[in-house]
Amino acid sequence: MSTTVETRVFNFSAGPATLPLPVLEEIQADLMSYRGTGMSVMELSHRGKTFIEIQETTIARLRELLNISDDYAVLLLQGGGRLQNVMLPMNLITGPGQSADYILTGYWGVSSSEDMPHFGRLNKAFDGSFCNYSRLPQPGELKLESQAAYVHMTSNETIHGVQFQDFPNTGSVPLIVDASSELMSRPMDISKFGGVYACAQKTSGIAGCTIVILRRDLIERGSDRVPGYLSYKKHVESADLMLNTPPTFPIYVTGLICKWLQQEIGGLENMERINREKAQIVYDVLDRHSGFYRGHADRPARSLMNAVFFTPNAQTDDLFVTEARKHLLSDLKGHRVLGGIRASIYNAMPVEGAQTLAQFMNDFAIRHG
Ligand SMILES: *Cc1c(COP(=O)(O)O)cnc(C)c1O
């Protein structure tokens, strides 16, 4: 039984998303018996030596790739990005009347802010709804409060296709970043942030594992009234960083992604260079046919990860998606809140995928323009 590489498509899904072929092949090779254990990773005890080594290696690789110092805890949790929207305010808002600043740059920034008012006062430091989240705040537009427990932002808005290149200066207030759809797509200076979190299924693995990087002093200073699984303190204090059975297989896949980034890509600087090249290929063809395609994001805010654009009308959008599929270009339909087309060009999308898409976009614009 060989891999069916020939039958694979270029999958532009926003998440769960395409995985690097070498990672899939390694999973396949390991599946029946992981390194002589006679069992798959899914069947390993989470307290056994073999799995603990997988978990430790995964965390060590994350630390190396992102240059994470020991001032930060790295947790591999369940519950996705969504659960972090709850855990953050639950742990970091410690007293009545406390507030946190949220920078609302798209669907995910907004949904992060929706759970917050259960725990404290929400300050909308920026609300991009006036432009339907097509651009990012200028530094002077942020209404930050010096007493805030933290500032929350979404570094890449997966649905609206806008991405920060520079991060706001929040002074002594810790900045917490939802980097779900871009973690490890470029270097990130973690020391500038109070914390960074990401669900794995976009750029860092498969669904089921959430990477939480959080400054230890924030965890220590956190609320003591947080129940069990929701408490960061309980997680960092538990034996082997395992409060309960962690998502073992997803953690293993995240480890393989990290290994691929280190050994085949050669680190995050290289990954960023490749990602910029791919994004340029797609945005160039968009701009070349600017009478036909309309991008959602203002140019300076354009995401390197999710290119969101429209053809002249909803009928041609549908036709684009259907015809693209015949060229092995899959999952290009835009998210329901915006419509149009969305091409997610994450780490694992090969340059050839971006080129094939660009060629198709060019042909489609000529045929239907
Ligand atoms: C996908 C996504 C989430 C939600 O992740 P879940 O794992 O579905 O909870 C949160 N934030 C961003 C930026 C995302 O792209």
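Could you give every pair whose Cβ atoms fall below 8 Å, whose first residue belongs to segment 83-102 and is farther than 25 Å from residue 141 by Cβ, and whose second residue is basic (Lys, Arg), counting only separations of at least 6 or pairs across chains?
Filtered contacts from segment 83-102: 91/233; 94/221; 97/121.
For residue 105, work out the one condition from (1) polar (S, T, N, Q); (2) under 27 Å from residue 201 (Cα atoms); (3) surrounded by fewer than 19 Cβ atoms within 10 Å (Cβ to Cβ) it doesn't fulfil.
The one condition residue 105 does not meet is (3).
Just need a number here: residues in segment 95-115 that are modelled with pLDDT under 95 and either farther than 13 Å from residue 152 by Cα or of a type in the set (A, V, I, L, M) (or both). Steps first, please.
Looking only at segment 95-115, we keep the residues that are modelled with pLDDT under 95, and these are 95-97, 115.
Within this subset, residues satisfying the condition of being either farther than 13 Å from residue 152 by Cα or of a type in the set (A, V, I, L, M) (or both) are 95-97.
Within segment 95-115, residues that are modelled with pLDDT under 95 and either farther than 13 Å from residue 152 by Cα or of a type in the set (A, V, I, L, M) (or both) number 3.
Mind listing just one residue for me: the one in segment 58-101 that is more than 16 Å from the ligand (Cβ to nearest atom) and basic (Lys, Arg) and, of those, nearest to residue 149 (Cα to Cα)?
Among those residues, the one meeting the criterion is 63.
Conditions (1) under 26 Å from residue 211 (Cβ atoms); (2) outside the structural domain of residue 212 (by TED's automatic domain parsing); (3) surrounded by fewer than 24 Cβ atoms within 10 Å (Cβ to Cβ); (4) within 16 Å of the ligand (Cβ to nearest atom), marked per residue:
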residue	(1), (2), (3), (4)
134	no, no, yes, no
149	yes, no, no, no
156	yes, no, no, yes
162	yes, no, no, yes
173	yes, no, yes, no
182	yes, no, no, yes
186	yes, no, yes, yes
191	yes, no, yes, no
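The values are calculated or read from the model by the stated rules, or taken from the named source; none is laboratory data. This one's a predicted model, so the numbers in the text were calculated from it and none came from an experiment. FYI the Cβ positions are ideal-geometry reconstructions off the backbone, even for glycines, and counts take in every protein chain you see.
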